[in-house]
Ligand SMILES: NC(=O)c1ccc[n+]([C@@H]2O[C@H](COP(=O)([O-])OP(=O)(O)OC[C@H]3O[C@@H](n4cnc5c(N)ncnc54)[C@H](O)[C@@H]3O)[C@@H](O)[C@H]2O)c1
């Protein structure tokens, strides 16, 4: 088993896509580091994975705070002294509004959590992977990292930044045996994207969004997590610097 005993960090692993990825990696016998600011859900997931015979460790992190990220990596290096795979996945959607109505602090909050955190995490991860001579990083962007999305300017800006950072870092460290990619999901039903919430903003909005997807449906979190596993595996050994859509055909 390729992932057996590999140390896999997943931020934002207490819910949604990250949680499904945690289950999949644990099933492959990896040691999964569940990093999240939701302590209750993170601890529950750790317990569930261990009860099912897997290896997991919950570490609290608030990715909006550099000190918190620094301290998470101190813990990881102290306890494992190794990091094979890092999935920088924690994110928020922000408050839907037109560009002129966006509050400055809300803009910065989305940029901090979705983008700046990826810069800070990647610095730690790449330094450790350079020592090891090997590593894989996967950043969660979005289809909103590849195109515009009305009423979501901070989110779109933050996810485009993720793609830019991914491509640049991938080019810098490709010769050092470190692969860095981004995954770009379209609408996936999780706590972050709830069709019923869309309909509460505007009646029939979820149906309109669905109709923009050639497959005429939303994704489920497992479908995205399966692709994460694939991109992090040796099957993808020649793939780096890519922003990979998993989007039911939206970007076709
Ligand atoms: N759901 C979608 O439609 C969709 C589409 C494209 C991309 N994405 C991206 O996928 C990633 C995962 O989202 P999801 O849909 O699974 O959402 P989710 O809300 O189910 O999970 C996000 C997780 O991130 C954690 N988190 C949020 N802010 C944090 C912080 N400051 N510090 C630490 N943890 C924090 C939350 O506690 C939660 O566990 C996000 O980056 C999101 O932007 C989601």
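The values are calculated or read from the model by the stated rules, or taken from the named source; none is laboratory data. Everything numeric in this text was worked out from a predicted model, so none of it was measured. Cβ placement follows ideal geometry from the backbone for every residue including glycine, while neighbour counts extend to all protein chains displayed.
Check off (1) more than 14 Å from the ligand (Cβ to nearest atom); (2) assigned to a strand (DSSP E or B); (3) over 25 Å from residue 184 (Cβ atoms) for residue 8 and give me the number that stays unchecked.
(3)
Where residues in the range 45-67 are in a helix (DSSP H, G or I) and free of Cβ contacts under 8 Å to residues at least 12 places away in the same chain, which of them is nearest to the ligand (Cβ to nearest atom)?
Filtering the range 45-67 down to residues in a helix (DSSP H, G or I) leaves 45-51, 66-67.
This time we only want the ones that are free of Cβ contacts under 8 Å to residues at least 12 places away in the same chain, so: 47-48, 50-51, 67.
Values: 47: 16, 48: 14, 50: 19, 51: 20, 67: 13 Å.
So, considering only residues that are in a helix (DSSP H, G or I) and free of Cβ contacts under 8 Å to residues at least 12 places away in the same chain, the one nearest to the ligand (Cβ to nearest atom) is 67.
Do we have any residue at all in the range 75-95 that's more than 22 Å from residue 165 (Cβ to Cβ), crowded, with 16+ Cβ neighbours inside 10 Å, in contact with a strand residue (DSSP E or B) (Cβ under 9 Å, 6 or more places away or on another chain) and at pLDDT below 95?
There is no residue in the range 75-95 that is more than 22 Å from residue 165 (Cβ to Cβ), crowded, with 16+ Cβ neighbours inside 10 Å, in contact with a strand residue (DSSP E or B) (Cβ under 9 Å, 6 or more places away or on another chain) and at pLDDT below 95.
Pick from 26, 22, 14: which is outside any strand (DSSP E or B), farther than 20 Å from residue 125 by Cα and either within 15 Å of the chain's Cα centre (by Cα) or near the ligand (Cβ under 7 Å from one of its atoms) (or both)?
On the way: 26 fails: either within 15 Å of the chain's Cα centre (by Cα) or near the ligand (Cβ under 7 Å from one of its atoms) (or both); 22 fails: farther than 20 Å from residue 125 by Cα.
The unique qualifying residue is 14.
For residues that are touching a strand residue (DSSP E or B) at 6+ places or on another chain (Cβ under 8 Å) and more than 24 Å from residue 249 (Cβ to Cβ), scanning just the range 159-208, find the one that is surrounded by the most Cβ atoms within 10 Å (Cβ to Cβ).
180
What is the residue count in the range 211-226 for residues that are assigned to a helix (DSSP H, G or I) and either at pLDDT below 95 or within 12 Å of the ligand (Cβ to nearest atom) (or both)? So that I can check it myself, show each step before the final result.
Looking only at the range 211-226, we keep the residues that are assigned to a helix (DSSP H, G or I), and these are 211, 221-226.
Add one more test, that the residue is either at pLDDT below 95 or within 12 Å of the ligand (Cβ to nearest atom) (or both), and what stays is 221-225.
The total comes to 5.
Considering only the range 77-95, state which residues are within 15 Å of the ligand (Cβ to nearest atom) and touching a residue at least 60 places away in the same chain (Cβ under 8 Å). First the steps, then the outcome.
Quick first cut of the range 77-95, residues within 15 Å of the ligand (Cβ to nearest atom) only: 86-95.
Hits for the range 77-95 are 86, 87, 88, 89, 90, 91, 92, 93, 94.
Sort through 155, 173 and tell me the only one that's in a helix (DSSP H, G or I), away from the ligand (no atom under 14 Å from the Cβ) and either in contact with a helix residue (DSSP H, G or I) (Cβ under 7 Å, 6 or more places away or on another chain) or free of Cβ contacts under 8 Å to residues at least 60 places away in the same chain (or both). Break it down stepwise before answering.
Values: 155 fails: away from the ligand (no atom under 14 Å from the Cβ).
Exactly one of 155, 173 is in a helix (DSSP H, G or I), away from the ligand (no atom under 14 Å from the Cβ) and either in contact with a helix residue (DSSP H, G or I) (Cβ under 7 Å, 6 or more places away or on another chain) or free of Cβ contacts under 8 Å to residues at least 60 places away in the same chain (or both), namely 173.
Filter the range 29-44 for residues that are more than 9 Å from the ligand (Cβ to nearest atom) and in a helix (DSSP H, G or I) and give the result.
Answer for the range 29-44, where residues must be more than 9 Å from the ligand (Cβ to nearest atom) and in a helix (DSSP H, G or I): 39, 40, 43, 44.
Which of the residues spanning the range 182-210 are in a strand (DSSP E or B) and either free of Cβ contacts under 8 Å to residues at least 60 places away in the same chain or farther than 15 Å from residue 143 by Cβ (or both)? Break it down stepwise before answering.
First pass over the range 182-210, keeping only residues in a strand (DSSP E or B): 182-185, 188-189.
Listed by number, the list holds a single entry, 189.
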